Amino acid sequence: MSESNPKLPSNKLPDFKQSVKLKYVKLGYHYLMTHGMYIFLTPLVVVIAAQLSTFSLQDLHELWDHLRFNLMSVILCSTLLVFLFYFLTRPRPVYLVDFSCYKPDDARKCTGQIFMERSVMTGTFTEENLEFQRKILERSGLGESTYLPEAVIRVPPNPCMAEARKEAEAVMFGALDQLFEKTSLKPKDVGILIVNCSLFNPTPSLSAMVINHYKLRGNIISYNLGGMGCSAGLISIDLAKDLLQAHANSYALVITMENITLNWYFGNERSMLVSNCLFRMGGAAILLSNKRSDGRRSKYRLVHTVRTHKGADDKCFTCVTQKEDSTGRIGVSLSKDLMAVAGDALKTNITTLGPLVLPMSEQLLFFATLVARKLFKMKVKPYIPDFKLAFEHFCIHAGGRAVLDELEKNLQLSDWHMEPSRMTLYRFGNTSSSSLWYELAYTEAKGRIKKGDRTWQIAFGSGFKCNSAVWKALRTINPAKERSPWMDEIHQFPVDVPKVSAI
């Protein structure tokens, strides 16, 4: 996109090395310390308070005399109590049993030529905006095999509620059928259901559609998250984690997707046309469990989730907005401040996550330079921790080539680390909140996941939000035994995608 057009976003993230705000570092340590204090001190305080409430003054005096002469016994008993209550009250583990990604039929494939032909046939776009879309498409990082729903690529297009429901059912039920087959789980065993889809929220809800189709049990805990953008998938994971802490021996089913049919833009405002060129059909289903017995068959354990929300800032709040253009056509508008906002949210999230995952050596180097700059006003470059020491694999939301290029540079990642994100964008396009799961499936299909490996999923989207999830592999993943959208063609990847800005 031309920088001279004020309605279109800049294609540069702010340099993470320029400034690091101490308050976000403190957030990470606050999270770490409060959780640690809760685990070790809360049980002991509760027991002591309950017991002391029953004592008289004479009892307390006798207890003091007893403690003075039996110090060793007191220490041993206190230690035993702490560890006993720790094991009784420790957080339940959250396991990722398995997941599946939806792969549409070949009839839904949309090459660049088909995209442009259908755009011309609609008769709504000016010649200038057809050329604009063609250039965006060429530089987007998308390949020739991405998918669009039937209602969008048919002639003439037919975006209506019935077709949108048809797309939603195909994606959700396609991913779920495969997941139930892979895990041998009976639908009646699901206790928690969370569905997220940002732009399509019918009544009955998408979660109700799933419950009706699979005849899930009547007391299921069901949530339908709407309007939360491309990072909603990790919000769903975080919500499922909290619910699994409150409900013992439960399975949580998360469905993460976007719907294209009713959200195709037929107007001529360029800030709304970019989404046509990037977003494609897709979705994923994830099965989580807090049953310790599932640890043996699960793929991953959830280690951390960190959520960052910048919605209190007006510029952040309005940088991605669904609205009507001057002709009344609805689309998603991207502000010229998008990349700057995304960079600030990313930096906040990453800085908060750092104390939870980085080795002590990296934290000491970071703090040494931070103290030198902030306290002693020394002119030294900020030290950006090496997150490659904390994670073996990176799944960065495939929102567009420009964002991936900038993140690769700012986080000092290699082509190998960025490969899952780039290949997902190339093969499936921007599938919104589900892109992270296509990326993890790619990593598995390449045979890269080994027992003990740590994977960082990071996504960002409207609101403005940036969210992270950290997973630890519980076993080595054998790609020969996996069913994923990549398996029939994984030998064809990676392909060479030149690093040219998408906008």
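Around the amide H of V303, modelled in the peptide plane, lie the amide H atoms of V470, W471, K472, all under 5 Å away and 5 or more residues distant in sequence or on another chain.
Ignoring ligands, DNA and RNA, how do S205, S271 rank by accessible area with a 1.4 Å probe, largest first?
So the residues, ranked largest to smallest area, are S205, S271.
Averaging the Cα positions of each part gives two centres, and for the stretch 301-354 and the stretch 124-140 these lie 25 Å apart. Beyond 18 Å between alpha-carbons counts as too far, so tell me which of K323/K347; K188/K291; K310/K465; K310/K388; K103/K166; K310/K381 fall in that bin. Cα-Cα > 18 Å for K323/K347; K310/K388; K310/K381; rest within. With an a/c value of 1.5 or above and a/b not larger than b/c for the gyration tensor axes a ≥ b ≥ c computed over the alpha-carbon atoms, the stretch 316-462 is described as oblate. Using a probe radius of 1.4 angstrom, the carbon and sulfur fraction of the accessible surface of the stretch 270-311 is 45%. Applying the Karplus relation 6.51 cos²θ - 1.76 cosθ + 1.60 with θ = phi - 60° to the stretch 444-458 yields 3J(HN,Hα) values of 5, 5, 7, x, 8, 7, 10, 4, x, 5, 10, 10, 10, 9, 9 Hz, where x marks Gly and Pro.
The heavy atoms of S145 offer some 40 square angstrom of accessible surface to a 1.4 angstrom probe. Per-residue 3J(HN,Hα) values for the stretch 100-112, derived from phi via the Karplus relation 6.51 cos²θ - 1.76 cosθ + 1.60 with θ = phi - 60°, read 9, 10, 7, 10, x, 5, 4, 5, 8, 5, 10, 6, x Hz in sequence order (x marks Gly and Pro). Divide the volume of the convex hull around the Cα atoms of the stretch 222-292 by the residue count and you get 96 Å³ per residue.
Ranked by solvent-accessible area (1.4 Å probe, protein heavy atoms only, all chains present), the residues Y223, Y265, Y102 order from largest to smallest as Y223, Y102, Y265. Under the combined filter of DSSP loop state and at most 12 neighbouring Cβ atoms within 10 Å, the stretch 335-398 retains these trypsin sites (Lys or Arg not before Pro): K377, K379.
Under Stokes-Einstein, with the Kirkwood radius over Cα pairs as Rh, the value for the stretch 425-503 at 10 °C and 1.306 mPa s is 111 µm²/s. Oblate is the label for the stretch 395-458, because the ratio a/c of its alpha-carbon gyration tensor axes (a ≥ b ≥ c) is 1.5 or higher and a/b is not greater than b/c. Which GluC sites (Glu not before Pro) in the stretch 83-192 pass both tests, a DSSP loop state and at most 15 other beta-carbon atoms within 10 Å? Hits after loop and neighbour filter: E144.
Taking each pair of different alpha-carbon atoms in the stretch 142-257 once, compute 1/r for the pair, average those values, and report the inverse of that mean as the Kirkwood hydrodynamic radius in Å to one decimal.
Numbers: mean 1/r = 0.0650 Å⁻¹.
Taking the inverse mean of 1/r over all distinct Cα pairs, the stretch 142-257 comes out at 15.4 Å.
Solvent-accessible area per residue in the stretch 173-253 equals 38 Å², computed with a 1.4 angstrom probe and all protein chains kept.
Taking amide hydrogens as placed 1.01 Å from N in the peptide plane, the amide H of I449 sits under 5 Å from those of I477, each at least 5 positions away in sequence or on another chain.
The values are calculated or read from the model by the stated rules, or taken from the named source; none is laboratory data. Here the structure is a predicted model, which means the values were calculated and not measured. Please note: Cβ atoms are built from the backbone with ideal geometry, for glycine as well, and neighbour counts cover all protein chains shown. Please note that ligands, DNA and RNA were not included when accessible areas were found on the heavy atoms of the full protein model with its side chains. Shrake-Rupley method; radii C 1.70, N 1.55, O 1.52, S 1.80 Å.
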